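The structure appears below as structure tokens.
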Amino acid sequence: MVSRRQECFGALILAERPWRDCPPEQLALAALGGVRDLGLAALGFSRQARLLQARIVMLRKRGMALPDCSEAGLLARAEDWLLPWLAGCRTAADLKSLDLLAPLKASLGHEAAAMLDRLAPAHFTAPTGTRVAIDYGAETPAISVRLQELFGLTSHPVIGPRDTPLRITLLSPAGRPVQTTSDLPGFWATSYADVRRDMRGLYPKHPWPKDPRAAAPTRRAKPRKP
């Protein structure tokens, strides 16, 4: 981005020279114009920023009073939430290096951010204590977690103002998908017996209790016998 002073007569440019002491606010406005021309792809959307955007969009679709963080919504109100972060951006590389996580967080305010963390958390905590990132990219929020880390869990995890069930991809000890469910108690009561039969043959060193609802969750294989 190059700042220039121009002397004009109507549409006719009489003189043009570099504007070396261009005020920062003018540079920020010029950068904002570039973002509007190029779209949000010109900016640095980290994985964390995309996750935050998806969480906001999901709750807004469910009627929560949150700012419009769709692509169109962000561009439409870019002057409000993005402009203060564009000071010093002179090149396309400067724009690309601007991670939108902090600007998006700042645009929420304290109360909205607290509601977001309560109703659309970034992570699900398994009974073992493992924090599993929630994928908000699909229509239904989803997680992938090892099956044995959910032993002892008798109610299905839900999020959002309408208690939306998480879509859970249950993984083998090797991290391979075994089954997908939105009804964990139903899975324990029906399909688990078949999964247990297959998994005991493939992973004999890992626990496969008959009643997973009464078993202790674990990340580990069975302890070795002395």
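The values are calculated or read from the model by the stated rules, or taken from the named source; none is laboratory data. In this text the structure is predicted, and so the values were computed from the model without any measurement. A quick note on method: Cβ atoms are made from the backbone with ideal geometry, for glycine too, and the neighbour counts reach across all protein chains shown.
Brief remarks on what is shown
- One residue stands out in region 136-153 among those that are modelled with pLDDT of 95 or more and out of contact with any Leu (no Cβ under 8 Å at 6 or more places or on another chain): the one that is nearest to residue 117 (Cα to Cα), namely 149.
- Flag not set for residue 37, criterion: modelled with pLDDT of 90 or more, over 29 Å from residue 124 (Cα atoms) and of a type outside the set (Phe, Trp, Tyr).
- Which numbered condition residue 187 misses (of (1) in contact with a strand residue (DSSP E or B) (Cβ under 6 Å, 6 or more places away or on another chain); (2) in contact (Cβ under 8 Å) with a residue 24 or more places away in the chain): (2)
- Scope region 115-142; condition closer than 13 Å to residue 56 by Cβ and part of a helix (DSSP H, G or I); matching residues: 115, 116, 117, 119
- Pairs with Cβ under 9 Å, 6+ apart, first in region 80-102 and more than 17 Å from residue 25 (Cα to Cα), second of a type in the set (Ser, Thr, Tyr): 99/46; 100/46; 101/46
- Taken as a whole, the condition of being part of a strand (DSSP E or B), β-branched (Val, Ile, Thr), loosely packed, with under 14 Cβ neighbours inside 10 Å and not assigned by TED's automatic domain parsing to the domain that holds residue 66 applies to residue 180.
- In this structure, residue 49 does not satisfy being farther than 30 Å from residue 164 by Cα, among the small types (Gly, Ala, Ser) and either surrounded by 12 or more Cβ atoms within 10 Å (Cβ to Cβ) or touching a residue at least 24 places away in the same chain (Cβ under 8 Å) (or both).
- Residues that are β-branched (Val, Ile, Thr) and surrounded by fewer than 17 Cβ atoms within 10 Å (Cβ to Cβ), drawn from region 183-204: 190
- Some residue of region 164-178 being touching a residue at least 60 places away in the same chain (Cβ under 8 Å) and touching a helix residue (DSSP H, G or I) at 6+ places or on another chain (Cβ under 6 Å): no
- Exactly one residue among 153, 171, 108 is in the same structural domain as residue 82 (by TED's automatic domain parsing) and either closer than 30 Å to residue 56 by Cβ or surrounded by 13 or more Cβ atoms within 10 Å (Cβ to Cβ) (or both), and that residue is 108.
- Selection status of residue 4, charged (D, E, K, R), farther than 28 Å from residue 123 by Cα, at pLDDT 90 or above and in contact with an Asp or Glu (Cβ under 8 Å, 6 or more places away or on another chain): no
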